[in-house]
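Report on the structure given below.
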Amino acid sequence: MTNLPLLFDNHGREMSYLRLAVTDRCNLRCTYCMPAEGITYLPEKKLLSWEEMLRIVHVLNQLGIRKVRITGGEPFVRPGLMDFLQELAKIENLEICLTTNGVLLENHLDSLLNLGIKNVNLSLDSLDSERFFKITRRNDFDQVYQNLMRMIEANFKVKINAVVMHGMNDNDILPLVKFTEKHPVSVRFIEEMPFNGSGLVEEKLFWDYRRILSQIKTEFPQIEEVPMAYGETSKNYHVPGFMGDVGIIAAFSRTFCGSCNRIRVTSLGQVKTCLYDDGVFDLKEYLRLGVSDEDLKNTMIKIFGERPKDGFEAENNRKGVINESMTSIGG
Ligand code: SAM
Ligand code: SF4
């Protein structure tokens, strides 16, 4: 291990978690993430290569990163993902997690288990196939639901991510909580953020974290709060007697910035010190200059020494309005 100090930001927050978007491509078209026609995908050479990503993870691991989440776009649409995961699994002291829409999971479940990858966040905004179609603009509900069930049977640690949207899946909040009665999963309701690729920003969010909780309490008044772990973004709850639990992520209200331990690297190779910034450093161009690992470490330390204190400050620092799609950021 390196003699350098572990990575802290200028507000004393230890950076221990990397979210790596391995592609900007996706096989769904979720309305909250992308326009119907998709986004302009980048040519392969504009994306980080698998080798570059592996190097980034290695170097950040030496700086104290202990958890990496592979996200996208849809990670499983980029050829070579499983080989990449195999390499990542060789790194010591590194927990590997995945975020996926679940469409292509079926053929990879055994390999994931063999690599010791059990933490999977699955995006599923509705338990109703018609609403699923309305939200994702694709007809893949059965496939995703079956893969969810396969993962539960195989004892994966599954979190279901559901973005709550007014007039879209309001009616799914209670069924999703009910789903945790018989299934050992964590359902996490996420406030919708303005990263839908259209540049349209909602002034006032209807389904904020308070309203989501009030709605849950209409049917589950006995729900209990579970203490939040440091660095966690979801406030967690449990209905007594249920196998799973429930979380609410105030992603738009930004209530959790004080303990944020996340480094984001987008598929283009931009470093984000906050989800709401517009990319503070071009890591891809920097790596392609031929820099050493020590240069890379020192640069990361410098970048995180200038980190905004929260998502509101990061948004204010942006050069332009928010018009990017979450598919290129990684969530
Ligand atoms: N394709 C994978 C998936 O959907 O799980 C991984 C990438 S996706 C961008 C990562 C997460 O971001 C998903 O859980 C998705 O629900 C969430 N997300 C995307 N756009 C969002 C938005 N506008 N507001 C809140 N969450 C969003
Ligand atoms: Fe694709 Fe995930 Fe975005 Fe949906 S949320 S369009 S599945 S990247």
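Every read-out reported here was derived from the displayed coordinates using simple, explicitly stated rules and does not represent laboratory data. In this text the structure is predicted, and so the values were computed from the model without any measurement. Counting neighbours? That spans all protein chains shown, and the Cβs are built from the backbone with ideal geometry, glycine included.
List of remarks:
- Rg/Rh ratio calculated on Cα atoms of the range 171-246 (Kirkwood radius): 1.02
- Each peptide in 130-136, 285-291, 246-252 gets a packing score, the mean of other Cβ atoms within 10 Å over its residues, and the list from highest to lowest is 246-252, 130-136, 285-291.
- Between Thr31, Thr273, Thr218, the Gaussian network model of the chain with springs among Cα atoms under 10 angstrom shows the greatest mean-square fluctuation at Thr218.
- The label point for Asn27 and the one for Glu294, both projected 7 Å from the Cα toward the Cβ, are 4.6 nm apart.
- Of the trypsin sites (Lys or Arg not before Pro) found in the range 170-236, those that fall in a DSSP loop while having at most 10 other beta-carbon atoms within 10 Å are Lys204.
- Histogrammed with a bin width of 5 Å, the alpha carbon distances of the range 208-285 distribute as 3, 14, 19, 17, 14, 12, 9, 7, 4, 2, 0 percent, first bin at zero.
- Fraction of beta bridges assigned by DSSP in the range 29-157 that are antiparallel (%, nearest 5): 0
- Separation of the alpha carbons by more than 30 angstrom is noted, of Lys204/Lys309; Lys159/Lys297; Lys45/Lys302; Lys159/Lys309, for Lys159/Lys297.
- Over the Cα atoms of the range 17-329, the radius of gyration divided by the Kirkwood radius equals 0.94; this is the Rg/Rh ratio.
- Measuring against 25 Å, Cα to Cα, the residue pairs Lys67/Lys90; Lys67/Lys284; Lys118/Lys235; Lys157/Lys272; Lys157/Lys178; Lys134/Lys157 contain Lys157/Lys272; Lys134/Lys157 as the ones spanning a longer distance.
- Cβ-derived FRET efficiency at R0 25 Å, Asp282 paired with Asn93, nearest 0.05: 0.35
- In order along the range 30-44, phi translates into HN-Hα couplings of 4, 4, 7, 10, 9, x, 4, 7, x, 10, 6, 6, 7, x, 3 Hz, rounded to whole numbers, per the Karplus curve 6.51 cos²θ - 1.76 cosθ + 1.60 with θ = phi - 60° and x for Gly and Pro.
- Expressed to the nearest 5 percent, the antiparallel share of DSSP beta bridges inside the chain is 30 percent.
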